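The values are calculated or read from the model by the stated rules, or taken from the named source; none is laboratory data. Keep in mind the model is a prediction, meaning the values are calculated, not measured. Here the Cβ is made from the backbone with ideal geometry for all residues, glycine too, and neighbour counts use every protein chain on show. Note: accessible area is taken over every heavy atom of the protein model, side chains too, but ligands, DNA and RNA are not part of it. Shrake-Rupley method; radii C 1.70, N 1.55, O 1.52, S 1.80 Å.
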Amino acid sequence: MVELLRRETGVRGHPENESFAEESTPPSCKCPGRTTTSSSDQYASQFRVLGQREALAPCGGDHLETHVVGPGVVVLADAICDRGRIAPGDDRINEAVASASLDVLIAKAESAQVLRVIGEPEIQAGVLAGQRGQLDPEAVGVDLEPLVIGVGKGEHILASDPTAIMKHTKKVIYLEDYDMAVITGDKAQIHNLKDKKRPTQKAELLDYDNEQAVLGDFPNFMLKEIFEAPATIRSAILGRALADRNLIKLGGLESVLGQLKYIDRIVIVACGTSYYAGLVGEYLIEELAGIPVEVQLASEFKYRDEPFSRSTALLAISQSGETADTIAALKKVENYGVLRLGIVNSVGSTIARMTDAGVYCHAGPEQAVASTKAFLAQVTVLTLIALHLNDGQTKRFKPLLEELDDLPAKAQEVLDNADEIKRIAEKYANYRDFLYIGRNNAYPSAMEGALKLKECSYLHAEAYAAGEMKHGPLAMIDKDFPTFVIVTDSPLLEKTYSNIQEIRARGGPVVALATKGNTAIKELCDDVIYMPATPLETQPILHAIVTQLFAYYIAMSRGYDVDRPRNLAKSVTVE
Ligand code: F6R
C-alpha cells in the first residue's frame, strides 16, 4: 500500500471548491513499482503520449535514469547525499531532504519541477521540487511549473496535468510552492522546504469518471469532445441558471458579491481559444451588464505598464488553469489590491487557487490538444456572469435564461448535421488558405474558427471583422482563397451579404454558416451550413461547434493526428 505523509493543501479562494481536481501535464515512462518521470522540457510532447494514447511511452524497461537525469539532477542528488552522508536508497534520505537548506537545493536545481532521481532505478529513490507558480522565478532562479503526483498501486506517476494520468489513478497530490517529494518504493513523502512545520499534503481524488478517460466509439478525443457539446452546456448551467425562478446562482462568486458592486471595469486575460471566449465575453458583459470590458492576451498584458484602479477586476480565463502567461498576468496585479477572478475548467489548478473567486466550467477533462468543449463552457459561463452582474435588470434576463435551457438540444441539432459539415469540409480540404469573417460577436467566432483550422490542419487561416474587408483583406481574394462567412441572424445580416457579394465578384469561393430557414443565402454562396436559430448572445456557442467540426473534418481528410497536432502542447506551462 502506498503510504503518504499528508498535509492540507490550503486551497485558496476560487470557486465552488468541489472535490474533483485539476488538469495539466505528463510523465514519460511507467514501470510497475517504479517512479515515472519527465523532465520539464519533455512535458509538453509527452503529455500527448500519456494523455491521449492507450499505451504509455516505452520506458525501456528499467532505464528510468535515461529519461530524466540531467546534470542538475545529479548535482542535486549529490548535494543532498553528501550533506547527510547517506548512500542512495538509504531510508534516511527523507530526513536529509527535509533538513537540506532551500538555498542549496534551489541553487543546484535546473528546474524546480524536474524529478531528481537519486541512485539506481531499482532503489527508486527520487526527489522533486514542485511549483504551483506562485513564486517569482527570478528570485529563485528556476523555471516554475506545476506538478502533480499520481499515486497508483505500487507506483507513482508524475505529470503537470492530471488528465495525463487519470487512466492510471485518480489519487493525486498537488505539489505546492517549495514542495519537495521524496519517492522511495511505494511511499511518497512530501516536505515543504520553506515551511518545515507545514502539515502534510493530502492526496485528493480526481472527480473524473472513467467514461471521460476513454474513447468509447469515437476515433479520437477531439471528435468525442466536440460531441460532448450538449452535455457540456448542460453541465455549465446546472444548478446555476434557474429559469423557473428567474435566478442565477454562482456559488463561486458569492464571497465577492459586495466587491463586484463597485467594479466599473473588467480586464479579461487569457490565451488562445480562451482569449477568444473572452472576446465573446466582452460583448456579453458590456451589453448585458453595462460594464466596460477590455480583453488582453495574457502574454502581452504581463509586459504592459498600464493604469489600473482598484475598481477594476481582472478576470482570467483558462481551461487548464496552468497556462504560464495567464498565471503571470494574475501575478502581475497581485499587489494592486484588485479583485482577481477566474473562469477555469480544471478544479484545483494554479489559476483556480490564485484567484479570489470565480466560476468553474465543469466541462470535464479535455484531452485533445485543440480546445473544443471548454470554449463552449467558457462562453456559457460568461453569459451567466454577464446576466448575474446585471442583477436581473435587463429585459434579456429571462429570455436568455430560458434559451440556455434550450441550448443543449440545439447543440445536438448541429451535431446531427455532422455528415453534411463533413461533406462540405472535404470539398475544401485541398485549399492552402482560408479567410474567416463575421460581424459583432461572430467576429471572435471567426477568430476561433480560424485558430481551429490552423492548429488541426496546418493551413493558413486568418480572421477579419467582415467590415474590414475593403480595408485590405479583399486584395487576397481569388479563386484559390475561400472564405468562411458567419452570417447568422443579426441586425447586421444585410451588411455581411454585401461582403459575400464582394468576395464572390472576385472569384472567391464562399462557405456560409447561416441560420436555418435562411434560403436567400443559398443564392449568394457556394455552400451553406445551417444551424438552429438562437438569440444573438448565444450564437457563438453554436458557431463554435460548426467551426470545430469543419476544422476537424478538413484535418482528418488531410490525414493529420487531430488529437496531437504537431508542435503544440495541451498545457502551456512555460512562456
Ligand atoms: C487552442 C488551444 C489553445 C489554448 C491556450 C490557452 O485550441 O487549445 O490556444 O486555448 O493555450 O490554454 P488554457 O485555456 O488552458 O489557458
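Among the helices (runs of 4 or more DSSP H) lying completely within segment 248-317, list those that include at least 3 residues that are among the small types (G, A, S). Steps first, please.
Numbers: elements: 257-260, 272-284, 298-301.
In segment 248-317, the matching helices (runs of 4 or more DSSP H) lie at 272-284.
Away from the ligand (no atom under 16 Å from the Cβ), open to solvent by 10 Å² or more (accessible area, probe 1.4 Å) and of a type in the set (G, A, S): which single residue out of G239, G252, G272 fits that description? I'd like the intermediate steps shown before the answer.
Numbers: G252 fails: open to solvent by 10 Å² or more (accessible area, probe 1.4 Å); G272 fails: away from the ligand (no atom under 16 Å from the Cβ).
Testing whether each residue is away from the ligand (no atom under 16 Å from the Cβ), open to solvent by 10 Å² or more (accessible area, probe 1.4 Å) and of a type in the set (G, A, S) leaves just G239.
Among the residues of segment 365-385, count how many are over 16 Å from Y283 (Cα atoms) and either away from the ligand (no atom under 14 Å from the Cβ) or part of a helix (DSSP H, G or I) (or both). Give the steps one after another, and end with the answer.
Step one: filter segment 365-385 for residues over 16 Å from Y283 (Cα atoms), giving 365-374, 377.
So of that shortlist, the ones also either away from the ligand (no atom under 14 Å from the Cβ) or part of a helix (DSSP H, G or I) (or both) come out as 373-374, 377.
Number satisfying all stated conditions: 3.
Quick one: would you say K398 is open to solvent by 10 Å² or more (accessible area, probe 1.4 Å), at pLDDT 95 or above and not acidic (D, E)? Don't jump to the end; show me each part of the working.
Details: open to solvent by 10 Å² or more (accessible area, probe 1.4 Å): yes; at pLDDT 95 or above: no; not acidic (D, E): yes.
No: the conditions fail for K398.
Just one of (1) at pLDDT 95 or above; (2) more than 21 Å from P565 (Cα to Cα) trips up F227, so point out which.
Unmet condition: (2).
Among residues belonging to segment 255-269 that are more than 19 Å from E300 (Cα to Cα) and among the aliphatic types (A, V, I, L, M), point out the one that is farthest from the ligand (Cβ to nearest atom). Full working, then the answer.
Of the residues in segment 255-269, the ones more than 19 Å from E300 (Cα to Cα) are 255-264.
If we keep only those that are among the aliphatic types (A, V, I, L, M) too, we end up with 256-257, 260, 263.
Details: V256: 22, L257: 26, L260: 23, I263: 23 Å.
So the residue we want is L257.
Go through segment 468-486 and give me each residue that's touching a helix residue (DSSP H, G or I) at 6+ places or on another chain (Cβ under 7 Å) and either open to solvent by 40 Å² or more (accessible area, probe 1.4 Å) or within 19 Å of Y428 (Cα to Cα) (or both).
Applying the first criterion (touching a helix residue (DSSP H, G or I) at 6+ places or on another chain (Cβ under 7 Å)) to segment 468-486 yields 469, 474, 477, 483-486.
Within segment 468-486, I477, T483, F484, V485, I486 meet the criteria.
Report the residue count in segment 296-331 for those that are without any contact (Cβ under 8 Å) to a residue 40 or more places away in the chain, open to solvent by 20 Å² or more (accessible area, probe 1.4 Å) and within 16 Å of the ligand (Cβ to nearest atom).
3
Select, from N499, N518, the only residue that is away from the ligand (no atom under 16 Å from the Cβ) and either open to solvent by 40 Å² or more (accessible area, probe 1.4 Å) or farther than 20 Å from A418 by Cα (or both).
Numbers: N518 fails: either open to solvent by 40 Å² or more (accessible area, probe 1.4 Å) or farther than 20 Å from A418 by Cα (or both).
Only one candidate passes the filter, namely N499.
Residues in segment 340-359 that are under 21 Å from L288 (Cβ atoms), touching a helix residue (DSSP H, G or I) at 6+ places or on another chain (Cβ under 7 Å) and either within 13 Å of the ligand (Cβ to nearest atom) or open to solvent by 10 Å² or more (accessible area, probe 1.4 Å) (or both): how many? Steps first, answer last, please.
Filtering segment 340-359 down to residues under 21 Å from L288 (Cβ atoms) leaves 341-343, 357-359.
Adding the requirement that they be touching a helix residue (DSSP H, G or I) at 6+ places or on another chain (Cβ under 7 Å) leaves 342-343, 357-359.
When the remaining residues are screened for being either within 13 Å of the ligand (Cβ to nearest atom) or open to solvent by 10 Å² or more (accessible area, probe 1.4 Å) (or both), the result is 342-343.
The number of residues fulfilling the criteria is 2.
Return the residues of segment 386-440 that are polar (S, T, N, Q) and assigned to a loop (DSSP other than H, G, I, E, B); say none if nothing qualifies. Spell out the reasoning first.
Of all residues in segment 386-440, those polar (S, T, N, Q) come to 390, 393-394, 412, 417, 430, 440.
Of everything in segment 386-440, those that are polar (S, T, N, Q) and assigned to a loop (DSSP other than H, G, I, E, B) turn out to be Q393, T394, N417, N430, N440.
Determine which member of the set E455, E420, E462, E426 is acidic (D, E), within 16 Å of the ligand (Cβ to nearest atom) and more than 17 Å from I503 (Cβ to Cβ). Reasoning before the result, please.
Details: E420 fails: within 16 Å of the ligand (Cβ to nearest atom); E462 fails: more than 17 Å from I503 (Cβ to Cβ); E426 fails: within 16 Å of the ligand (Cβ to nearest atom).
Just one listed residue meets the conditions, E455.
Out of (1) more than 17 Å from Y276 (Cβ to Cβ); (2) touching a strand residue (DSSP E or B) at 6+ places or on another chain (Cβ under 6 Å); (3) more than 13 Å from the ligand (Cβ to nearest atom), the odd one out for L400 is which?
All conditions are met except number (2).
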